Amino acid sequence: MKTLTRAELERSLKSDIKPLYLLLGCESYLRGIAAQAIADAALGDTPLREFNEMSFTLLNDDIRSAIAAAEQLPMMCTRRVVKIRDFAKIRVDDEEVLIAYLKNPVPSTVMILVADDLDKRKASSKELLGSCVVVDFSPLKDSDAKAWCKARLKELKTSIDDQVLSEVIRLVGTDIQILSTEIDKLASAAIGTKGITLDLVDDLIGRSRELSNWELGDHLMANNRKRALETLHRLLDDGAEPVMLVGLIASNYRKLALGKYLLARGGRDEVFRNVALPPFKRDGFLATLQRSDATKIAKGIQLIAAADLAIKTSQAPPRLQLEMLVCELAG
């Protein structure tokens, strides 16, 4: 089936509700809004919504339970809605159950399947793409994220100019869940002036993120595993991208490797001609260089490269990979 945009889905729900929807992509905030819009369109104002709307996750639930729910008739309503998340975790033995339903869906049920991505090697993936109305939720481009922010700020009756908004996007990224939190925070802080300034963005987003980045590097260098993990969790909970954090850690180790080499050959001045650091960090950096072992630094760079590859190839959840990396580096 043709892949729809979010706007096309919104228009189609006004006139025609299909039995199968696949919401595909990692933009989880807008994906959740779309799933709710489909359910609202399907169930309307039914007074027995709780009996006609069910959700399953294949992390915990069996696909047979979800299909059994989809095959039930609605209660005092024209339709029922069944949402299935994490179906990428479906076992090979259970794929046939899902494929059989996709080929012959119950007309009175609206099934909404939600996933970040599909494993194209699985037989069910081809059937999903062929049978479902597919709606794309790929990561937003900067321009789309800016448009969303402007619309949200208009609702909040707060202004922002393009330069300031570009800085917000640069610091936060385009994940709408994270942007929503930061935009609401900025709008609340600007309530007296009704305008978000560059200074306000720097105070509320830029400096706090920058300080946490320095803090993570400091704890790793000091082999303080407990504090390093606490800082890592704070950064992740604030919405920092795992790949970005791996890059941050890699940058710290690159500076260490370069600084160790230069310190042995040219002393302090040579180090800081080539390693850019703010003045208040230089003494601590030198102390770290003097107690660091070049072999350990090289080993750390190898561990960082392995973690980066593991995250980019989805060998394990990114958060887990980062936690393991921090534990190894700060051990």
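The values are calculated or read from the model by the stated rules, or taken from the named source; none is laboratory data. Computed from a predicted structure; not experimentally measured. Methodologically, a virtual Cβ is constructed for each residue, glycine included, from the backbone with ideal geometry; neighbour enumeration extends over all protein chains shown. All accessible areas refer to the heavy atoms of the entire protein, side chains included, with ligands and DNA or RNA removed. Shrake-Rupley method; radii C 1.70, N 1.55, O 1.52, S 1.80 Å.
Figures for the structure shown
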read-out	value
Residue in the range 288-331 that is farthest from the chain's Cα centre (by Cα), counting only those that are surrounded by fewer than 15 Cβ atoms within 10 Å (Cβ to Cβ) and in a loop (DSSP other than H, G, I, E, B)	Asp293
Selected residue [at pLDDT below 90 and either in contact with an Asp or Glu (Cβ under 6 Å, 6 or more places away or on another chain) or more than 30 Å from Thr193 (Cβ to Cβ) (or both)] from Arg91, Arg170	Arg91
Qualifying position, being among the aliphatic types (A, V, I, L, M) and modelled with pLDDT under 90, among Leu30, Leu43, Leu23, Leu48	Leu48
Residue count, the range 78-97 (criterion: aliphatic (A, V, I, L, M) and surrounded by fewer than 12 Cβ atoms within 10 Å (Cβ to Cβ))	1
Members of the range 27-60 that are in a loop (DSSP other than H, G, I, E, B) and under 26 Å from Asp93 (Cα atoms)	Leu58, Leu59, Asn60
Single residue of the range 12-29 satisfying the filter (over 12 Å from the mean Cα position of the chain (by Cα) and polar (S, T, N, Q)) that is surrounded by the fewest Cβ atoms within 10 Å (Cβ to Cβ)	Ser15
Filtered residue count, the range 224-251, keeping only those that are surrounded by 15 or more Cβ atoms within 10 Å (Cβ to Cβ) and part of a loop (DSSP other than H, G, I, E, B)	4
Helices (runs of 4 or more DSSP H) fully within the range 98-205 counting 2 or more residues that are open to solvent by less than 20 Å² (accessible area, probe 1.4 Å) and either touching a residue at least 12 places away in the same chain (Cβ under 8 Å) or in contact with a strand residue (DSSP E or B) (Cβ under 8 Å, 6 or more places away or on another chain) (or both)	123-131, 142-155, 162-172, 176-189
Residue in the range 242-252 that is more than 30 Å from Glu27 (Cα to Cα), β-branched (Val, Ile, Thr) and at pLDDT 85 or above present	no
Single unsatisfied condition, Pro279 versus (1) at pLDDT below 85; (2) over 29 Å from Asp119 (Cβ atoms); (3) open to solvent by less than 70 Å² (accessible area, probe 1.4 Å)	(3)
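Residue by residue, here is whether (1) crowded, with 19+ Cβ neighbours inside 10 Å; (2) in contact (Cβ under 8 Å) with a residue 24 or more places away in the chain; (3) of a type outside the set (A, V, I, L, M) holds:
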{"site": "Glu10", "(1), (2), (3)": "no, yes, yes"}
{"site": "Arg31", "(1), (2), (3)": "yes, yes, yes"}
{"site": "Thr57", "(1), (2), (3)": "no, yes, yes"}
{"site": "Ala66", "(1), (2), (3)": "yes, no, no"}
